[in-house]
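Working notes for the structure below.
The numbers here are math on the coordinates, done by the rules we state, and not lab data. Computed from a prediction, not measured in an experiment: that's the story for all the values here. Cβ coordinates were reconstructed from backbone atoms using ideal geometry, including for glycine residues, and neighbour counts include every protein chain displayed.
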Ligand SMILES: *Cc1c(COP(=O)(O)O)cnc(C)c1O
Ligand SMILES: [Zn+2]
């Protein structure tokens, strides 16, 4: 590793990069990496590895090319239909379902595994029941590391199997799942297991590349607003940090507004934001179809609140009904994403109803993960098909053509 330091998001204390801890030993808030390069972006076209392309933004002294599964470099798709319907200047959809395990988590998993290897770990792990679990299991297999995935005891087989298939040690843990994030970090420290949890510093670093790519894909321009479905707060922190670094290196002049979106049935960050308080409170009975953004006590919640209020920030919550509508709307553009990933479009529609848009805004929505991960939602989407005998087809189709 090159020389870098950790800065606490809460008390601003600094620690050397050799510290193998993921949260501030003084106040318990998340740590953030401080590293200064030159802001140089390497190469062009389609590179093999995001850590090579953006090497100058990370403190790795070398890149282990055998770990990448070619994550990142996801498409940024413009939608003129959504632009017109939502009444803004442009809608950009950053399609993260193109990643190797179908969600943005692969970016932070790559940076996390790279750091684990660079610091001599032989085992990694995570606490998750969904996308992060699959991602860490996949990269653990790829890197040949012993991999521990801690899930809740009640996880149904259809969610467990897509994790277990990679050959990780999946442990169903009885007890308070909400405590497992902190418990796993403690155990990992003792037993030498690098838990690449939702908002650990090197996972957050991985999410910076979403900002770098948007900047490159817009040819040096940036959106006015970036909309991010938010759970633990790790991804939105990384994306915001990516834009801050682009500005710090003089590559862009202004920062985009960052908008956090949560589901009404589990919105600890938006609740705190709306009440104007500085700390998040645990949500007792979460209820939403957007399971990927269902963290009841987000470990980076306080930092997201600080970030949104210190810069240009916004926090919006949307109902499950609005999320389902947005999911269908995106499918109508050819993009089937999971409910959590449709939340930004739901938020844009809500803001349109509230008269928020002026009509010229360039808005980028981060579509965090693919729809096939969560097929149970099909029941709720009211989908239909027709049945017909083969000899009647020629009569039926013209009827439909006239509709
Ligand atoms: C993990 C995840 C999120 C939430 O990201 P955080 O970093 O926990 O805020 C949103 N959408 C999808 C699809 C995810 O997998
Ligand atoms: Zn601190």
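Annotations for the structure displayed:
- Inter-label distance for residue 321 and residue 395, nm, one decimal - labels placed 7 Å from Cα along Cα-to-Cβ: 4.0 nm
- Between the helical axis of 320-331 and the longest alpha-carbon principal axis of the chain there is an angle of about 80 degrees.
- For the pair residue 64 and residue 328 in one chain, pulling the backbone fully straight at 0.36 nm per residue adds 91.0 nm over the alpha carbon distance.
- Between the Cα long axis of helix 393-402 and the first principal axis of the chain there is an angle of about 80°, rounded to the nearest 10.
- Pairwise centroid distance, computed over Cα atoms, of segment 153-178 with segment 80-144, Å: 19 Å
- Label zone at residue 15 (point 7 Å along Cα-to-Cβ), backbone N below 19 Å, segment 280-309: 299-304
- Over the C-alpha trace of segment 234-296, radius of gyration and Dmax come out as 14.7, 45 angstrom.
- Spread over its residues, the convex hull of the C-alpha atoms of segment 109-167 is 65 Å³ per residue.
- Inter-label distance for residue 187 and residue 282, nm, one decimal - labels placed 7 Å from Cα along Cα-to-Cβ: 1.8 nm
- Gyration tensor (alpha-carbon) shape descriptor, segment 219-345, a/c threshold 1.5: oblate
- Shown here: the chain, whose C-alpha atoms stretch 72, 47, 46 Å along the first, second and third principal axes, sorted largest to smallest.
- Global dimensions of segment 174-224 from alpha-carbon coordinates: Rg and Dmax equal 16.9, 49 Å.
- Taking 0.36 nm per residue of separation and subtracting the Cα-Cα distance, full extension of the segment from residue 309 to residue 179 would add 44.0 nm.
- For a paramagnetic label modelled on residue 27 (point 7 Å from Cα along Cα→Cβ), amide N atoms under 18 Å away belong, within segment 301-316, to 301-311.
- Nearest-ten-degree value, helix 105-118 long axis tilted from longest Cα axis of the chain: 20 degrees
- Tensor-based shape of segment 1-50 (alpha-carbon gyration tensor, a/c under 1.5 rounded, otherwise prolate or oblate): prolate
- Potential extension, residue 48-residue 248 segment - 0.36 nm per residue separation minus Cα distance: 69.4 nm
- Taking each DSSP H run with n ≥ 4 as -39500 (n - 2.57) and averaging over every residue of the chain yields -11000 deg cm²/dmol at 222 nm.
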